[in-house]
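Participant: One structure coming up, written as structure tokens, with questions to follow.
The values are calculated or read from the model by the stated rules, or taken from the named source; none is laboratory data. Just so we're clear, the structure is a prediction, and the values are computed from it rather than from any experiment. Cβ: placed from backbone, ideal geometry, glycine included. Neighbour counts: every protein chain shown. We work out accessible area using only protein heavy atoms, side chains counted, and drop any ligands, DNA or RNA first. Shrake-Rupley method; radii C 1.70, N 1.55, O 1.52, S 1.80 Å.
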Amino acid sequence: MNVLAVETSCDDTSVALVRDGRHILANVVSSQIDCHRLYGGVVPELAARHHLELIDTVARAALKEAGANWADVDAVAATYGPGLAISLLVGLNAAKGLALALGKPFVGINHLEAHLYSPLLMGEPVFPVISLIVSGGHTILAECEAVGLHRVLGQTVDDAAGEAFDKVAKLLGLGYPGGPEIEKRARQGNPATMAFPRSMLDQPGYEFSFSGLKTAVLYYLRKHPQAVVADVCASFQEAVVDVLVGKTIRAAEQYRARAISASGGVSINSRLRGKLRAASCVPVILAPASLCTDNAAMVAALAYYKLQTGERSDWTLPIAPSVGLGRDTLG
Ligand code: KG4
Ligand code: ZN
């Protein structure tokens, strides 16, 4: 079954064609980052306009890359939330229109659930998996026992990990998005220079908090205006990584996980990847960067499993800009 999926929840316009939930025939992502960089963050109105301009071209490019045509599409999927309302509308409506025109089944997909199950694209899944979603908008730790059977263990009570990277980069006068800028400089710095807080690491449970860390960096910079940027970056990054790794490993032990996975933009961070792999006794499934950041292939993969169980969405399915991680099916 070839599933064509559309993902427009934020600032990436993406269309993918995936066979049987596993084989990526095409995964085209058109990034708008250069446009939003001028404003230091994503401008929703601009993002939606770009999606409208790009969606047709990106869809045709995906078909071309796959060496397929419309007749090869067996089902259509799209992200319905969470995300920016007007951006979601573009992709969801385009996908519905396409499914209607092709006379194929349609299923709406929760963006966070797509991140959660993106390891499906990396091979036969082993459950239970402890899955960490770390992006600009979310920091969620979940336990997955099968596709669609998951439980949220904890999430951030304030800033997301990626948001912290972006805000600290701004404090340091670095570019947007902050994560790659900080990681680049951190390579030249000493992570032990400043003892920034590892918020909530010693507390039981799986909640995260990153806003205190950002404030700690702000106060440090006020007190030490001559601080070496590379050392600040390395010390800040280490604090974020220690918390993410510490809680993920603890969850893996508690739930006797057979694997750990991570997705979202922050999961590209090589310090995080390295420390997670070093600390884990079970395999750590880390997709290539193109499948960690927002992409339609993960939407198509999850849609395949949902379609297999007979799930279909109604044409009236609305966008859900602030929906959480779908059903908390394990309770
Ligand atoms: O998943 P993503 O592309 O978009 C969403 O937020 O949904 O994640 C973007 C976030 C940004 O906050 C960015 O600074 C962060 O991921 N990021 C990184 C790295 N690359 C991107 N954070 C740390 N290290 C990186 N190498
Ligand atoms: Zn995302």
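Participant: Taking square-rooted eigenvalues a ≥ b ≥ c of the alpha carbon gyration tensor, is segment 177-256 rounded, prolate or oblate, where a/c under 1.5 means rounded and, failing that, a/b exceeding b/c means prolate? List each step's numbers first, then the result.
Facilitator: Working: a/c = 2.61, a/b = 1.82, b/c = 1.43.
Taking the square roots of the gyration eigenvalues as a ≥ b ≥ c, segment 177-256 is prolate.
Participant: Quick check: pseudo-label points 7 Å beyond the Cα along Cα→Cβ at Leu201 and His23, how many nm apart are they?
Facilitator: 4.5
Participant: If you don't mind, another one. With θ taken as phi - 60° and the coefficients 6.51, -1.76 and 1.60, list the Karplus ³J(HN,Hα) couplings across segment 68-77 in order, rounded to whole Hz; mark glycine and proline as x.
Facilitator: Those phi angles translate into 10, 10, 4, 5, 7, 7, 9, 7, 10, 9 Hz.
Participant: Next up: Semi-axes of the equivalent ellipsoid for segment 127-282, please: Cα gyration tensor eigenvalues, times 5, square-rooted, ordered largest first, whole Å.
Facilitator: Working through the eigenvalues yields semi-axes of 28, 14, 14 Å.
Participant: How far is helix 211-223 tilted off the main Cα axis of the chain, in degrees rounded to 10, range 0 to 90?
Facilitator: The helix 211-223 is inclined about 40 degrees to the chain.
Participant: Using a/c under 1.5 as the rounded threshold, could you call segment 113-174 rounded, prolate or oblate? The axes a ≥ b ≥ c are square roots of the C-alpha gyration tensor eigenvalues, and prolate needs a/b larger than b/c, oblate otherwise.
Facilitator: Numbers: a/c = 4.09, a/b = 2.19, b/c = 1.87.
Prolate.
Participant: Then there is this: R0 = 35 Å: FRET efficiency of Asp72 with Tyr255, Cβ-based, nearest 0.05?
Facilitator: Values: r = 40 Å, r/R0 = 1.14.
The computed FRET efficiency comes out at 0.30.
Participant: Distance cut-off 26 Å, Cα to Cα: go down the list Lys275/Lys306; Lys247/Lys306; Lys96/Lys167; Lys214/Lys275; Lys167/Lys247; Lys64/Lys104 and report the pairs above it.
Facilitator: Details: Lys275/Lys306 33 Å; Lys247/Lys306 30 Å; Lys96/Lys167 37 Å; Lys214/Lys275 21 Å; Lys167/Lys247 23 Å; Lys64/Lys104 20 Å.
From the list (Lys275/Lys306; Lys247/Lys306; Lys96/Lys167; Lys214/Lys275; Lys167/Lys247; Lys64/Lys104), the Cα-Cα distance tops 26 Å for Lys275/Lys306; Lys247/Lys306; Lys96/Lys167.
Participant: Among His224, Ile260, Ile249, pick out the residue whose Cα is farthest towards the positive end of the charge dipole of the chain, where Lys and Arg carry +1 and Asp and Glu carry -1 on C-beta, about the Cα centre.
Facilitator: His224
Participant: Using a 1.4 Å probe, how large is the accessible area of Met122, given in Å² and rounded to the nearest 10?
Facilitator: Using a 1.4 Å probe on the heavy atoms, I get roughly 90 Å².
Participant: Between exposed chymotrypsin sites (Phe, Trp or Tyr not before Pro) in the chain, where DSSP calls loop and at most 15 other Cβ atoms lie within 10 Å, what's the longest gap? Working shown, then result.
Facilitator: Numbers: sites that count: Tyr39, Trp315.
The reported range is 40-314.
Participant: Taking Cα pairs under 8 Å and at least six residues apart, what relative contact order does the chain come out at, in percent?
Facilitator: 25
Participant: Provide the per residue accessible area, probe 1.4 Å, for segment 127-282, rounded to a whole number of square angstrom.
Facilitator: Details: 6490 Å² over 156 residues.
Result: 42 Å² of accessible area for each residue.
Participant: Still on this model: Counting only protein heavy atoms and a 1.4 Å probe, tell me what percentage of segment 260-331's accessible area is made up of carbon and sulfur. Walk me through the intermediate numbers first.
Facilitator: Working: 1780 of 3130 Å².
On segment 260-331, the fraction of accessible area on carbon and sulfur atoms equals 57 percent.
Participant: Taking the Cβ of Arg19 as the center, what net charge do the other residues with Cβ under 10 Å away carry, scoring Lys and Arg +1 and Asp and Glu -1? Spell out each step's value before the answer.
Facilitator: Working: positive: Arg22; negative: Asp20, Asp72, Asp74.
So the surrounding residues net to -2.
Participant: For the chain, what does -39500 (n - 2.57) per DSSP helix run (n ≥ 4), summed and divided by total residues, give at 222 nm, in deg cm²/dmol to the nearest 500? Write down the numbers at each step before the final one.
Facilitator: On the way: 11 runs with 138 residues, N = 331.
Roughly -13000 deg cm²/dmol at 222 nm, from the helical runs in the chain.
Participant: Then there's this: Under the classification rounded if a/c is under 1.5, otherwise prolate if a/b is larger than b/c and oblate if not, where does segment 1-135 fall, given a ≥ b ≥ c as square roots of the Cα gyration tensor eigenvalues? Could the numbers behind the result be given before it?
Facilitator: Numbers: a/c = 1.71, a/b = 1.14, b/c = 1.50.
Cα axes put segment 1-135 in the oblate bin.
Participant: Residue by residue through segment 102-113, which ³J(HN,Hα) values in whole Hz follow from phi under the Karplus form 6.51 cos²θ - 1.76 cosθ + 1.60 (θ = phi - 60°), with glycine and proline marked x?
Facilitator: 7, x, 10, x, 10, 9, x, 10, 7, 4, 5, 5
Participant: May I ask you to give the average projected area over all directions of the convex hull of the Cα atoms of the chain, in nm² rounded to one decimal? Provide the component values of the computation, followed by the final result.
Facilitator: Working: hull surface 64.0 nm².
Average projection, Cα convex hull of the chain: 16.0 nm².
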